[in-house]
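Everything on this sheet refers to the single structure shown next.
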Number of protein chains: 2
Amino acid sequence: MARPSSLSGFPEWLPSGQVVEQLVVDTARRVFELHGFAPLETRSVEPLEQMLRKGEIDKEVYLLRRLHAAEGEPDPGLGLHFDLTVPFARYVLENAGHLEFPYRRYQIQKVWRGERPQEGRFREFTQADIDVVGRDTLAFHHEVEMAVVMASVLAELPIPPAVIQVNNRKLAEGFYRGVGADDPAAVLRAVDKLDKLGRARVAALLTDEVGLTQPAAQRCLDLAAIRTPDSSFAREVRALGVVDPLLEEGIAELAAVVDGANAQRTGSVVADLRIARGLDYYTGTVYETQLVGYESVGSISSGGRYDSLASDGRQSYPGVGISLGVTRLVSILLGRDLVDVSRTVPSVVLVAVVGDDTRADSEQVAARLRIRGIPCEVAPGADKFGKQIKHADRRGIPYVWFPDPAGDTVKDIRSGEQVSADADTWSPHVTELRPAVTSTLSQPTLSQEARP
Amino acid sequence: MARPSSLSGFPEWLPSGQVVEQLVVDTARRVFELHGFAPLETRSVEPLEQMLRKGEIDKEVYLLRRLHAAEGEPDPGLGLHFDLTVPFARYVLENAGHLEFPYRRYQIQKVWRGERPQEGRFREFTQADIDVVGRDTLAFHHEVEMAVVMASVLAELPIPPAVIQVNNRKLAEGFYRGVGADDPAAVLRAVDKLDKLGRARVAALLTDEVGLTQPAAQRCLDLAAIRTPDSSFAREVRALGVVDPLLEEGIAELAAVVDGANAQRTGSVVADLRIARGLDYYTGTVYETQLVGYESVGSISSGGRYDSLASDGRQSYPGVGISLGVTRLVSILLGRDLVDVSRTVPSVVLVAVVGDDTRADSEQVAARLRIRGIPCEVAPGADKFGKQIKHADRRGIPYVWFPDPAGDTVKDIRSGEQVSADADTWSPHVTELRPAVTSTLSQPTLSQEARP
C-alpha cells in the first residue's frame, strides 16, 4: 500500500494511506479533546538560538534562506522546528499573560530533522502532542494522566497491542548517585545506548569513560534490566541495596504512575527501568511506547516531565507531555500491511448521471443527501451505467444512486441489491458514512461470516 | 484577540484565535468531504527545479540547508512549497498509475513565501485547496462545481458576505487578440496591475510597453470594467465590437459558470472581467473572492482551470482548483474583531474535586461523560468550590459537576442553576458540545433577548 517516496525521508502516501493517516490523526484529536486539551498550532520556524538552548539535537536542524536573498541581507537565523515541545515552551513564555494555567493543549503538526532516513525515521514527519503546563507548580497527577490519555488513543486505533513503558529520572539519578556516580547524566547517556551497543559495551563505557567501579556499573545495568507490569519493580530495585532519598522519591512516583494508569486502563503501562530518553530536559516521569511485535522500529509515543524547559527567569512553567509519532505509526501500518481500508474517497454514494441534459437532476439528489451529512459525488459523465458502477467500484464507493422521474433507486454494488429510495430519507448504515480502517490482525470472525 | 507575532509574517493565534482557525478548517474539510473530495497531504518540500517550472514566484521561495552540512556536502536543492497546486501536480504525475481519474482531492496545509509581510500577506500561512484532475480530458462542469463547493464553505462560516468573482482566460486572450495584441499574456499582466497602478498608468503600460494602439488599450480597459451578477456581461462585451472565436468560447464558458453556480447558490458568483490571476498556468475559468467590506485585504479564495500544469510528455492531466486562504481569512476575523468565541477549551464540563483523596471519583465521572462524547476535564486540585468554579469561568466552561455520594449535581455557572444529574445520562445542549464561533456582525436579536 505504501509507495516509496521519490525524496528519501519525506514520505507521502497513496490515497488509501492518506485515509489511514487521517484516521490516526482524527482519533488522537478526538480523544485529546474529550480530555479537555485545547488546540494549538505554532509557526513552523523558530529562531536558531531558541532551538539550540535545549537537547543534543542541534546537528539535525534545517535552516531557511530566501532563494533570492539580496547581497548582504542578514541571515534571518531561522530553522524548521524539530519537535513540538520547544515551540510550545516558547509560545507559553511569549503569551503567559494571556493563558490560563494549568494550560492543557494538543498540537498536531509536522516537524523536520536532517537525519539519515531509515525505517521509522524520517526527515519530515507528523507528531500529535499533548502537554499540561502550570505556573510555578504542576500537580503530580498529570504524570498519570498523560499515560492514560495516550493509552486511550492507542486503544481506539486498529493497531497491534501497544505498551507504554515508564521510568523516572529521579529514580535513575538517585540510584546512580547512590552507587557513587559523580555525573549521573553521563551514566544516563551511557545506559541510553543499551539498545544500540548491548550490555557488555555499555559496561565498558560506564567504567572506562564515566568512571564507575565495576560493581557500580553492574548495579546500574541490573537496574536497567528491571521491568514489571506493576509496582513490584520497587522490591527489585531495593534488592540492589542502593540507598538514596531521591531514589525513594522516584520509586514512589513511578509506582504511582504505573498503578494509577493501570487502574484506569488495565495493562496499558509497565515499569521499564531501561527507559532513559535522550533529551536532557526531563526531570521526572519518562515514557516510551512499544508496538508489540514491532519493537525494532522504535518508540511510537514518548515524552516526560520537565520542570525547567520554560522559564523566563522570574517564573517557571513546569510541564509534562507525551507525543504520538503519527508518521512512524502509519509507516508501520502501511509497510507491514497491518490495515485494510474500505474505500479511498469520502463518498459513500455515487449519483449516476442519466443523460448530459439531466446532470442538474443528479446534482439535486446529491445536494439533498449532503444536507443530511451523507458524503457523495456525481458521476463525471453520462456514461453507460455499467461504466458508472465501475467508477464507484474502483474507489470502493458502496452505493450507486439512479435518479429516475418514475422513482429513484439505489443499488448496493457489493450485494447487487437495488431498492427504491428517496434522497430526503434514505441513509447508508451509520458505520458506512466514513471510510473504515480495520486491522488485518484481528478481523472478528463473526463479521467475516456475516459477509456474503 | 489577535496578538502581534514576534516573528513578522509568521502568525500565531491566542487560544481563542486557535478555535476560530479550527472552525474554518473543520468547515472547509466537512464541506469538501461531503462533495467527495479525498484527503491528501504532500511533503512540505519540493526540488527547486520543480517549483521554478511554473509561474513568476521564484523570488519568494525558502530554501533548506542542514545546519551542520558536511564540508562539500551537495546542496539538496530543496525548497518549501509556495502553494499546494504545484506539489499536487507533481504527486499526480508520480502516482498516476495508482490513482483513479478524475481524481478529486482536498489538501489543507501550510505554505511559505519569503515575501515582505503586510496585512493579509504572510510568510507562512495555511491554505485549503480542492482540485479535480482528469487524464487527457476533464469535463467543463467541474469549473462550475469549484465555485459551488467554495460558496458552500463560505456560506457556512460566520463571516461577512463573500462574492466569488469569475473571469475566463479564453475570453480575455481572445479579446486581446481581437484588438490586435501580439502578446496577449503581456496585456494580461498589465491588466493584473489595475488595482495597484490605476487605469491611467495601466493604459500607458499597454501602449508604451505592450505596444497596443490607444483605442485598443482603451477597449482592454473597458473590458476589465465589466462586472455583472449574471451572464449579461456577454452583451456588454459584444458591445465593445471585438470579434474572435476564442473570445466567443470564453464568453460561453463564463456564462455557464456564472449562471450554473448561481442556480445552485443564488448570488454566490459574479462575472468580473478585471480578474486576471498572476500565475500563467491558468487556461480557462479563473476565480477570486472578495469579502464584502474588506476588499482591500485581497482575495480570500482563488484558483482556476489549468490544462497543462501536469504533463509527463505522453499524457496530460488537465485540472481545475480553488483555494481558501485560511490564514488570511482568520487574520481578518481576528484583526477586525468580527467573531466571538464561546470558550477557549473543548471541555463543556469541569468535574470538581471534592478532596485530595477522592480525585479518582471525579476521574470516573469524567470517564463516564467521555464515553458518551462529552468533552470534560477534572479540576487540577481540591480547591474551594468557588475557586474551581472560577477556573471553569475563566475558560468559558459552562458547567461544573459536583460528585457526591448522596447524588451528583451539575451547575450551569452562567445561570447559577444547579440540578441533580447522572453521569450516564446527563447531556449538555447539543449546540454546547463544541466551542461556538459567532459573527459580531449578525447576532440574531432573538438569542440576545433570550440571554439572562
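Observations, loosely collected:
- Between segment A:225-287 and segment B:63-142, the Cα center-to-center distance that results, in Å: 45 Å
- Sequentially through segment A:205-211, phi angles give Karplus couplings (6.51, -1.76, 1.60; θ = phi - 60°) of 4, 5, 7, 6, 9, 7, x Hz, Gly and Pro residues having no value and appearing as x.
- For segment B:389-404, backbone nitrogen atoms closer than 16 Å to the point 7 Å from residue B:420 Cα along Cα-to-C-beta are found at B:402-404.
- Ascending count of other beta-carbon atoms within 10 Å, so fewest first, for B:169, A:372: A:372, B:169
- About the Cα centre, charge dipole magnitude for the protein assembly as shown (Lys/Arg +1, Asp/Glu -1 at Cβ), debye: 260 debye
- Across chain B, C-alpha contacts under 8 Å between residues 6 or more apart give a mean separation that, scaled by the residue count, equals a relative contact order of 17 percent.
- Globularity index of the protein assembly as shown, i.e. its alpha-carbon radius of gyration over 2.2 N^0.38 Å: 1.02
- Backbone HN-Hα couplings from phi across segment B:28-35 [Karplus 6.51/-1.76/1.60, Hz, Gly and Pro as x]: 4, 4, 4, 5, 4, 5, 4, 9
- Range of Cα positions in segment A:162-291 per principal axis (Å), largest first: 44, 31, 26
- Length gained on full extension, residue B:387 to residue B:240: 45.6 nm, using 0.36 nm per residue less the C-alpha separation.
- In terms of surrounding Cβ atoms within a 10 Å radius of their Cβ, B:362, B:342, A:415 rank from fewest to most as A:415, B:342, B:362.
- Looking at segment B:349-434 alone, DSSP beta bridges between its own residues are antiparallel in about 55 percent of cases.
- Rounded to the nearest 20, the size of the Cβ-charge dipole of segment A:162-291 about its Cα centre is 320 debye, with Lys and Arg at +1 and Asp and Glu at -1.
- Nonlocal amide H pairs with residue A:285, under 5 Å, H built at 1.01 Å: A:169, A:305
- Net charge contributed by nearby residues that have their C-beta within less than 9 Å of residue B:112 (K/R +1, D/E -1): +1
- Using only Cα coordinates, the Kirkwood hydrodynamic radius of segment A:322-367 works out to 14.3 Å.
- In nm, spacing of pseudo-spin labels at residue B:358 and residue A:430 (7 Å Cα→C-beta vector): 3.4 nm
- Residues in segment B:219-235 that a label on residue B:204 would reach, taking backbone N under 18 Å of a point 7 Å out along Cα→Cβ: B:221
- Take the Cβ atoms of residue B:438 and residue A:266, set R0 to 60 Å, and the FRET efficiency comes out at 0.90.
- The mean count of C-beta atoms from other chains within 10 Å of the C-beta of residues in B:39-50, rounded to a whole number, is 5.
- Residues in segment A:62-70 carry Karplus couplings, in order, of 8, 8, 10, 9, 6, 4, 10, 4, 5 Hz; the curve used is 6.51 cos²θ - 1.76 cosθ + 1.60 with θ = phi - 60°, and Gly or Pro positions show x.
- Pairwise FRET efficiency - residue A:249 versus residue A:214, Cβ, R0 = 25 Å, nearest 0.05: 0.35
- From its DSSP helices (H runs of at least four residues, each -39,500 (n - 2.57)), chain B gives a residue-normalised ellipticity at 222 nm of -10500 deg cm²/dmol.
- Counting other Cβ atoms within 10 Å as a rough exposure proxy, the listed residues A:238, B:90 run A:238, B:90 from fewest neighbours to most.
- Segment A:349-434: C-alpha gyration tensor shape, a/c 1.5 cut-off, then a/b vs b/c: rounded
- Close amide H partners of residue A:302, meaning residues 5 or more places away or on another chain with modelled amide H under 5 Å apart, are A:323, A:325.
- A point 7 Å from Cα along Cα→Cβ stands in for residue A:259, and the other copies hold the same point at 7.9 nm, listed in rising order.
- A Cβ-based charge dipole, computed about the Cα centre of segment B:349-434 with Lys and Arg at +1 and Asp and Glu at -1, lands at about 400 debye.
- In this structure the amide hydrogen of residue A:38, modeled in the peptide plane, comes within under 5 Å of the amide hydrogens of A:104, A:105, A:106, none closer than 5 places in sequence on its chain.
- With all projection directions averaged, the alpha carbon convex hull of chain A covers 28.7 nm².
No value in this document is a laboratory result; all are computed from the given coordinates. It should be emphasised that the depicted structure is a prediction, and the values quoted were computed from it without experimental measurement. Backbone-built Cβ (ideal geometry, glycine too); neighbour counts: all protein chains shown.
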